[in-house]
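Where a number appears in this text, it was derived from the coordinates with a stated rule and is not lab data. This one's a predicted model, so the numbers in the text were calculated from it and none came from an experiment. A quick note on method: Cβ atoms are made from the backbone with ideal geometry, for glycine too, and the neighbour counts reach across all protein chains shown.
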């Protein structure tokens, strides 16, 4: 009895083991026959990438980008034009090290919303109650404020963002981009009105841009929105660096040429040009006449409201009032 | 009378509310300023051939067709061209328009302004089509597809039937109904002209059974013509859709993605037949149309014959003013019309009605979750699954939407009408159609 059981076990182990061995040999030959050579660098490059799979580079996912980068290195000896906006320059340098290349640093970019048509600036004329989709609303009507270039405020850009970097401001109804932005460009493609643009982040995140894309003549543009670009070309005249172009009643600031001098911001009659992350301006030297009259009170810290260039800053004014009171 | 014919799949029967069906067509005085948009037809916009300061007469050509699917535009008024500039269209977008300051009402000499009925058709098919093309006639039902293109079947295809659309299935609208009652003779001659142009021997006039006066009147007029038959139809929305009307009147089914000519049919609206009569027999281009101004709160629901380019507020004034509790103004009928954002927009070739809805009836209900009750699928006249396709479009799965034949959707709104969860199905279907259309075009290139 016992020997019969032993035999069955031995036969089973031997039979299956033999079968497994034969299969392994067959698989070994097949694997050799159909072996696909893949550059080990691709894996290394993929490892170095941020694995966001956002498509910001123009390729479907990080793996595809890694393949493209390695191929480009093989064919052209460089990876120009292939940059990972999410990884930025750190990843760029890392790729250079893996592929043995000198990689030039790219200027970091950020998405910029070029519309300031909040209900305060562009009062509502109609109420929209359709589907929550900018693409649909764009095909249906011009916009609640009447401007046919304005942000529709339904959040296609927010839905498109994989990085939690763009949110709707419930007060203004406009999207706001935060520091998490990786410039992948998903919101740029999602916006049916091309309001969002990728611009240079700028030194210390300082940026100047025209926050309007209205290409209509001044009068109809201003009728619908108080902060619209009216194409008056004042900024173009004041710019010493040829950075501003006016096409179809709309100013555009070339961020490559702009030196962030802020002259255009001052002259813009509709405050359509925005400056971001600048320190508050120093009070302008007051006009001679005004200075003489004010200097008696020695209130040089109070900016003159007559100049019109300085926005009223409540804290400063309050301070000024305080001084007057203590003097008395 | 037996069982009335209708289309096979789906359909709904909303409240008819034909408030203005007894109001005879009234002429509205020529406005002080006419705004004539250059894009009044489906397809390419027209190109202006007049300049600022030019004097124009009624019926004078002011813009030429800007492509194959495009039409001529004629001046609806006489006066001076004030400017060629952007002005607001129905959706609030500012698009190029010719703005004419009216001075008197002087007609172009070539137009026959007498009221005589000319019933002899003594020109050949080619010339008929040429005249229709020159007169700038488009489909008057609202889709504004250039009529002459429909009259030229592509090579290898022949038309067997001409189907005249007198269905007017949209609630509230009555312009076609009044046209049939008041301009029946002209319409019948227009039908004969269209039959000659298409070289067909049989025409059907489809009229829904809720217009018995129009049915008996048209029957009376075509009594001596064996080749024109009035076809009463069961009241069912959206019977006025081309594909539904063909199914209802000749029991043929247009294949998915194909045109009616595929099954040997050409569909024209009664308004178009009237415009064809005027263009061919009177040499009068398309410069005016009948517009219904209606709504439950409107004091005098009416049908007006207005010049193209008349601002909407003139029409509303003529209907004794804007009611206080107006919540929405719709260009077209309540099912397929779009709400307008400004009263300054002009009447265009495709404006069939202006509907003023009260605040209570105009606002949408709060959207709830889909409970898969499949009411939308039951009523879809194209046999689609609106809940599935609209969800696919909403979530960006355009591949699924395309495979589920989203492009067959005629945007009739039957699905959304009956949805117990008040889901804006048509909104997402339209969104999906825009996106899938873009994808299909980019695939072709």
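What are the radius of gyration and Dmax of chain A, computed over its Cα atoms and given in Å?
31.0, 124
With viscosity set to 0.890 mPa s and temperature to 25 °C, compute the Stokes-Einstein D of segment B:125-282, Rh being the Kirkwood radius across alpha carbon pairs; µm²/s, no decimals.
The Stokes-Einstein estimate is 160 µm²/s.
Counting just the Cα atoms, what span does segment B:3-78 cover along each of its three principal axes? Round to the nearest Å and put the largest first.
58, 34, 18
Taking all pairs of distinct Cα atoms, average 1/r, flip it, and tell me the Kirkwood hydrodynamic radius of chain B in Å to one decimal place. Walk me through the numbers before you get to the answer.
Numbers: mean 1/r = 0.0444 Å⁻¹.
After inverting the pairwise mean of 1/r, the radius is 22.5 Å.
With the convex hull built on the Cα atoms of segment B:147-208, state its orientation-averaged projected area in nm².
4.8 nm²
From the gyration tensor of the Cα coordinates in segment B:336-410, what semi-axes in whole Å does the equivalent ellipsoid have, largest first, with each one equal to sqrt(5λ)?
30, 18, 13
Over segment A:40-99, calculate the relative contact order: mean separation of alpha carbon pairs under 8 Å at least 6 apart, over the residue count, as a percent.
Working: 56 pairs, mean separation 23.2, N = 60.
Relative contact order comes out at 39 percent.
Which whole number in µm²/s is D for segment B:212-254 by Stokes-Einstein, with the Kirkwood Rh taken over Cα pairs at 10 °C and 1.306 mPa s?
Estimated diffusion coefficient is 137 µm²/s.
With a 10 Å radius around each residue's Cβ, average the other Cβ atoms per peptide and rank B:254-261, B:45-52, highest first. Walk me through the numbers before you get to the answer.
Values: B:254-261: 14.1, B:45-52: 16.4.
By packing density, highest mean first, the sequence is B:45-52, B:254-261.
No solvent, one uniform scatterer per C-alpha: report log10 I(q)/I(0) for segment B:375-444 via the Debye equation at q = 0.15 1/Å, two decimals.
-0.40
Could you tell me the relative contact order of chain A? Use alpha-carbon pairs under 8 Å, at least six residues apart, and round to a whole percent.
Contact order relative to length: 12 percent.
Taking each residue in A:123-132, count the Cβ atoms of any other chain within 10 Å of its Cβ, then average. What number comes out?
So the per-residue partner count for this stretch is 5.
When Cβ neighbours within 10 Å are restricted to other protein chains, what is their mean count per residue of peptide B:239-250?
The shielding value for this peptide is 0.
To one decimal place, what orientation-averaged projected area in nm² is obtained for the convex hull of the Cα set of segment B:97-214?
10.4 nm²
Return the inverse of the average 1/r over all pairs of distinct C-alpha atoms in segment B:252-378, which is the Kirkwood hydrodynamic radius, in Å to one decimal.
Computed over Cα pairs of segment B:252-378, the Kirkwood hydrodynamic radius comes out at 17.4 Å.
Residues in segment B:1-21, backbone N under 17 Å from the label point at residue B:378 (7 Å along the Cα-to-beta-carbon vector): list them, ranges by number please.
B:8-15
How big is segment A:109-276 in terms of Cα radius of gyration and Dmax, in angstroms?
My reading of the Cα-based Rg and Dmax gives 15.5, 47 Å.
In Å, what Rg and Dmax follow from the Cα atoms of segment A:40-99?
Over segment A:40-99's Cα set, Rg and Dmax evaluate to 10.0, 26 Å.
Round to the nearest 0.05 the FRET efficiency obtained for residue A:233 and residue B:49 when R0 = 22 Å and r is the Cβ-Cβ distance.
E between residue A:233 and residue B:49, to the nearest 0.05, is 0.10.
From the mean inverse distance of alpha carbon pairs (Kirkwood) and the Cα radius of gyration, derive Rg over Rh for the protein assembly as shown. Please list the in-between numbers first.
Details: Rg = 33.9 Å, Rh = 31.2 Å.
Checking Rg against Rh, the ratio lands at 1.09.
Please give the average number of partner chain Cβ atoms lying within 10 Å of the Cβ of each residue in A:145-154, rounded to a whole number.
2
Whole number please: convex hull volume per residue of the Cα set in segment B:1-131, in Å³? All intermediate terms of the calculation are to be shown ahead of the outcome.
On the way: hull volume 34.1 nm³, N = 131.
Looking at segment B:1-131, the number lands at 260 Å³ per residue.
Working from Cα positions, state the angle (0 to 90°, nearest 10) between the long axis of helix A:88-99 and the longest principal axis of chain A.
That works out to roughly 30 degrees.
Could you grab the relative contact order for chain B? Cα pairs under 8 Å, six or more apart, rounded to a whole percent.
On the way: 1023 pairs, mean separation 84.8, N = 445.
With pairs under 8 Å counted, the relative contact order is 19 percent.
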